[in-house]
1. Along Cα→Cβ, 7 Å out, is where each label goes; now give me the distance between the ones at Arg133 and Arg18 in nm to one decimal.
2. Quick check: net charge around Leu163, other residues with Cβ under 13 Å of its Cβ, Lys/Arg +1 and Asp/Glu -1?
3. When the accessible area of the chain is split by element with a 1.4 Å probe, what percent falls to carbon and sulfur?
4. How much length, in nm to one decimal, is gained on full extension between Ala201 and Gln171, taken as 0.36 nm per residue of separation minus their Cα-Cα distance?
5. Can you give the net charge of the other residues whose Cβ lies under 9 Å from the Cβ of Ala186, counting K and R as +1 and D and E as -1?
6. Looking at region 1-116, I'd like the Rg to Rh ratio, where Rg is from alpha-carbon atoms and Rh is Kirkwood's inverse mean 1/r.
7. Where Lys and Arg each count +1 and Asp and Glu each count -1, what net charge lies around Ala50 among other residues with Cβ under 14 Å from its Cβ?
8. Given H placed on each backbone N at 1.01 Å, which residues far from Leu135 in sequence or on other chains put an amide H within less than 5 Å of it?
Amino acid sequence: MLDLLLPPTCVACSYLLRDPAPLALPLCSNCALSAVPLPRAERRIDGIDALYAYEGALAQALTRLKFGGHRALAGPLGRLLAAGIGPTPWDLVTTAPLHPWRAFCRGYDQAALLAHYLVQAWPRAPRPRLHLRLLRRDRRTLPQTELDRRARLRNVEGAFSPLAAALKMIQGRRILLIDDVTTTGATISAARDALLGAGAAEVGGLALLRALP
Ligand SMILES: [Zn+2]
(Lines give C-alpha, C1' and ligand atoms only; values in the text may rest on other atoms or scores of the structure.)
Protein backbone atom coordinates (compact mmCIF):
# COMPACT_ATOMS: atom_id res chain seq x y z
CA MET A 1 0.00 0.00 0.00
CA LEU A 2 3.03 2.16 0.63
CA ASP A 3 3.59 2.70 -3.08
CA LEU A 4 0.33 4.65 -3.33
CA LEU A 5 1.73 7.28 -1.02
CA LEU A 6 5.03 7.69 -2.78
CA PRO A 7 5.36 9.77 -5.94
CA PRO A 8 5.62 7.56 -9.02
CA THR A 9 9.17 6.85 -10.14
CA CYS A 10 10.63 5.02 -13.11
CA VAL A 11 10.79 1.30 -12.19
CA ALA A 12 14.17 0.95 -13.91
CA CYS A 13 16.16 4.06 -12.90
CA SER A 14 14.08 5.64 -10.07
CA TYR A 15 13.72 8.94 -11.98
CA LEU A 16 10.75 10.84 -10.60
CA LEU A 17 7.84 10.67 -13.02
CA ARG A 18 5.52 13.56 -13.61
CA ASP A 19 2.08 12.97 -12.25
CA PRO A 20 0.24 11.62 -14.12
CA ALA A 21 3.01 9.72 -15.88
CA PRO A 22 3.08 10.70 -19.54
CA LEU A 23 3.29 7.07 -20.62
CA ALA A 24 1.20 4.03 -19.78
CA LEU A 25 4.45 2.36 -18.73
CA PRO A 26 5.89 3.07 -15.27
CA LEU A 27 9.09 4.19 -16.99
CA CYS A 28 10.70 7.53 -17.70
CA SER A 29 10.77 8.52 -21.37
CA ASN A 30 14.41 7.51 -21.61
CA CYS A 31 13.92 3.99 -20.22
CA ALA A 32 10.66 3.53 -22.13
CA LEU A 33 12.68 3.50 -25.36
CA SER A 34 14.10 0.10 -24.38
CA ALA A 35 10.77 -1.53 -23.43
CA VAL A 36 9.82 -3.84 -26.29
CA PRO A 37 6.19 -4.97 -26.48
CA LEU A 38 6.08 -8.48 -27.94
CA PRO A 39 4.70 -8.71 -31.46
CA ARG A 40 1.36 -10.50 -31.64
CA ALA A 41 2.94 -13.77 -32.90
CA GLU A 42 5.21 -13.96 -29.84
CA ARG A 43 2.66 -12.97 -27.25
CA ARG A 44 1.08 -16.39 -26.84
CA ILE A 45 3.27 -19.48 -26.93
CA ASP A 46 1.95 -22.86 -25.73
CA GLY A 47 -1.06 -21.15 -24.18
CA ILE A 48 1.08 -18.78 -22.10
CA ASP A 49 0.78 -15.04 -22.72
CA ALA A 50 3.55 -12.53 -22.13
CA LEU A 51 3.55 -8.78 -22.72
CA TYR A 52 7.12 -7.56 -23.18
CA ALA A 53 10.49 -8.92 -24.23
CA TYR A 54 12.95 -9.69 -21.46
CA GLU A 55 15.36 -6.88 -22.22
CA GLY A 56 16.06 -3.25 -21.51
CA ALA A 57 14.45 -1.28 -18.72
CA LEU A 58 11.74 -3.79 -17.82
CA ALA A 59 14.25 -6.64 -17.44
CA GLN A 60 16.29 -4.26 -15.27
CA ALA A 61 13.20 -3.45 -13.19
CA LEU A 62 12.45 -7.14 -12.61
CA THR A 63 16.04 -7.75 -11.54
CA ARG A 64 15.70 -4.90 -9.03
CA LEU A 65 12.46 -6.42 -7.73
CA LYS A 66 13.84 -9.94 -7.54
CA PHE A 67 17.39 -9.50 -6.36
CA GLY A 68 17.72 -5.88 -5.30
CA GLY A 69 15.04 -5.96 -2.61
CA HIS A 70 12.98 -3.23 -4.35
CA ARG A 71 9.66 -4.66 -3.26
CA ALA A 72 7.73 -1.48 -4.05
CA LEU A 73 8.30 -2.07 -7.78
CA ALA A 74 5.73 -4.89 -7.63
CA GLY A 75 2.91 -2.31 -7.60
CA PRO A 76 3.58 -0.58 -10.93
CA LEU A 77 4.74 -3.82 -12.56
CA GLY A 78 1.66 -5.72 -11.36
CA ARG A 79 -0.58 -2.96 -12.67
CA LEU A 80 1.26 -3.16 -15.99
CA LEU A 81 0.26 -6.84 -16.18
CA ALA A 82 -3.39 -5.82 -16.05
CA ALA A 83 -3.01 -4.58 -19.63
CA GLY A 84 -2.56 -8.21 -20.69
CA ILE A 85 -5.90 -9.41 -19.35
CA GLY A 86 -8.02 -10.76 -22.17
CA PRO A 87 -11.76 -11.40 -22.25
CA THR A 88 -11.59 -14.83 -20.56
CA PRO A 89 -13.32 -14.68 -17.18
CA TRP A 90 -11.09 -16.17 -14.49
CA ASP A 91 -12.28 -17.32 -11.07
CA LEU A 92 -8.88 -17.43 -9.38
CA VAL A 93 -5.43 -15.95 -9.84
CA THR A 94 -2.44 -17.85 -8.46
CA THR A 95 1.28 -18.51 -8.95
CA ALA A 96 3.59 -21.49 -9.14
CA PRO A 97 5.00 -21.48 -5.61
CA LEU A 98 8.70 -20.96 -4.97
CA HIS A 99 10.45 -23.58 -2.93
CA PRO A 100 9.93 -22.43 0.69
CA TRP A 101 13.67 -22.15 1.19
CA ARG A 102 14.06 -19.76 -1.74
CA ALA A 103 11.10 -17.65 -0.63
CA PHE A 104 12.61 -17.54 2.84
CA CYS A 105 16.00 -16.38 1.58
CA ARG A 106 14.49 -13.59 -0.49
CA GLY A 107 11.88 -12.62 2.09
CA TYR A 108 9.12 -12.48 -0.50
CA ASP A 109 7.89 -14.12 -3.68
CA GLN A 110 7.94 -11.60 -6.54
CA ALA A 111 5.38 -13.47 -8.66
CA ALA A 112 2.94 -13.51 -5.74
CA LEU A 113 3.41 -9.77 -5.26
CA LEU A 114 2.75 -9.13 -8.96
CA ALA A 115 -0.38 -11.31 -8.78
CA HIS A 116 -1.59 -9.30 -5.77
CA TYR A 117 -1.30 -5.95 -7.58
CA LEU A 118 -2.69 -7.41 -10.79
CA VAL A 119 -5.88 -8.51 -9.02
CA GLN A 120 -6.17 -5.07 -7.39
CA ALA A 121 -5.92 -3.41 -10.81
CA TRP A 122 -8.13 -5.96 -12.60
CA PRO A 123 -9.58 -4.12 -15.58
CA ARG A 124 -13.16 -5.38 -15.53
CA ALA A 125 -15.79 -7.09 -13.43
CA PRO A 126 -16.01 -9.71 -12.12
CA ARG A 127 -12.63 -9.51 -10.46
CA PRO A 128 -11.12 -12.95 -9.72
CA ARG A 129 -9.91 -13.91 -6.26
CA LEU A 130 -6.23 -14.11 -5.47
CA HIS A 131 -5.49 -17.53 -4.02
CA LEU A 132 -1.82 -18.29 -3.55
CA ARG A 133 -2.15 -21.54 -1.64
CA LEU A 134 -3.37 -23.96 -4.30
CA LEU A 135 -0.14 -25.81 -5.05
CA ARG A 136 2.97 -26.90 -3.29
CA ARG A 137 6.40 -27.48 -4.71
CA ASP A 138 7.29 -31.06 -3.94
CA ARG A 139 10.98 -30.87 -4.52
CA ARG A 140 13.65 -28.29 -4.72
CA THR A 141 14.52 -27.61 -8.35
CA LEU A 142 17.56 -25.95 -9.84
CA PRO A 143 17.14 -22.29 -10.84
CA GLN A 144 15.72 -22.45 -14.37
CA THR A 145 18.14 -19.77 -15.57
CA GLU A 146 21.03 -22.24 -15.26
CA LEU A 147 19.50 -24.79 -17.61
CA ASP A 148 18.85 -25.27 -21.32
CA ARG A 149 15.36 -25.85 -22.69
CA ARG A 150 15.21 -29.63 -22.39
CA ALA A 151 16.72 -29.58 -18.93
CA ARG A 152 14.24 -26.88 -17.85
CA LEU A 153 11.28 -29.02 -18.83
CA ARG A 154 12.74 -32.03 -16.98
CA ASN A 155 13.70 -29.90 -13.99
CA VAL A 156 10.14 -28.83 -13.12
CA GLU A 157 8.17 -31.77 -14.52
CA GLY A 158 6.01 -33.08 -11.71
CA ALA A 159 7.45 -30.49 -9.33
CA PHE A 160 4.02 -29.28 -8.20
CA SER A 161 1.04 -30.94 -6.65
CA PRO A 162 -2.25 -29.59 -5.33
CA LEU A 163 -2.55 -28.88 -1.63
CA ALA A 164 -5.11 -31.26 -0.15
CA ALA A 165 -6.88 -28.34 1.52
CA ALA A 166 -7.24 -26.58 -1.86
CA LEU A 167 -8.77 -29.43 -3.88
CA LYS A 168 -12.32 -28.15 -3.50
CA MET A 169 -11.16 -24.66 -4.44
CA ILE A 170 -9.48 -25.95 -7.64
CA GLN A 171 -12.21 -28.23 -8.94
CA GLY A 172 -14.25 -26.71 -11.76
CA ARG A 173 -12.46 -23.34 -11.47
CA ARG A 174 -10.92 -21.24 -14.23
CA ILE A 175 -7.48 -20.36 -12.93
CA LEU A 176 -4.89 -17.88 -14.22
CA LEU A 177 -1.24 -18.53 -13.31
CA ILE A 178 1.02 -15.48 -13.03
CA ASP A 179 4.79 -15.36 -13.38
CA ASP A 180 7.28 -12.54 -13.73
CA VAL A 181 9.30 -14.05 -16.58
CA THR A 182 8.65 -17.01 -18.82
CA THR A 183 11.22 -18.58 -21.10
CA THR A 184 10.26 -22.10 -22.13
CA GLY A 185 7.01 -21.91 -20.19
CA ALA A 186 8.17 -24.99 -18.27
CA THR A 187 7.29 -23.71 -14.80
CA ILE A 188 3.83 -22.45 -15.72
CA SER A 189 3.17 -25.66 -17.71
CA ALA A 190 4.12 -27.87 -14.79
CA ALA A 191 1.85 -25.87 -12.46
CA ARG A 192 -0.93 -25.95 -15.06
CA ASP A 193 -0.66 -29.77 -15.32
CA ALA A 194 -1.01 -30.05 -11.55
CA LEU A 195 -4.11 -27.81 -11.49
CA LEU A 196 -5.76 -29.56 -14.44
CA GLY A 197 -4.93 -32.92 -12.86
CA ALA A 198 -6.74 -31.76 -9.74
CA GLY A 199 -9.87 -30.91 -11.73
CA ALA A 200 -9.51 -27.24 -12.73
CA ALA A 201 -11.87 -26.40 -15.61
CA GLU A 202 -9.37 -24.18 -17.43
CA VAL A 203 -5.88 -22.90 -16.67
CA GLY A 204 -4.15 -19.97 -18.37
CA GLY A 205 -0.72 -18.43 -17.95
CA LEU A 206 0.38 -14.80 -18.03
CA ALA A 207 3.88 -13.44 -17.54
CA LEU A 208 5.12 -9.88 -17.70
CA LEU A 209 8.23 -10.67 -19.76
CA ARG A 210 9.26 -13.39 -22.17
CA ALA A 211 12.92 -14.31 -22.51
CA LEU A 212 13.79 -16.11 -25.68
CA PRO A 213 15.54 -19.39 -24.81
ZN1 LIG B 1 14.06 5.48 -16.17
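1. Result for the modelled spin labels: 4.7 nm.
2. Net charge in that neighbourhood comes out at +3.
3. Carbon and sulfur: 55 percent of the exposed surface of the chain.
4. That pair, Ala201 and Gln171, stretches by 10.1 nm at full extension.
5. Result for the local shell: +2.
6. That ratio equals 0.96.
7. -2
8. Excluding prolines and chain starts, which carry no amide H, the hits are Leu163.
The values are calculated or read from the model by the stated rules, or taken from the named source; none is laboratory data. All values reported here derive from a predicted model rather than from experimental measurement. When we count neighbours, we look across all protein chains shown, and the Cβ atoms used for this are built from the backbone with ideal geometry, even at glycine. Note: accessible area is taken over every heavy atom of the protein model, side chains too, but ligands, DNA and RNA are not part of it. Shrake-Rupley method; radii C 1.70, N 1.55, O 1.52, S 1.80 Å.
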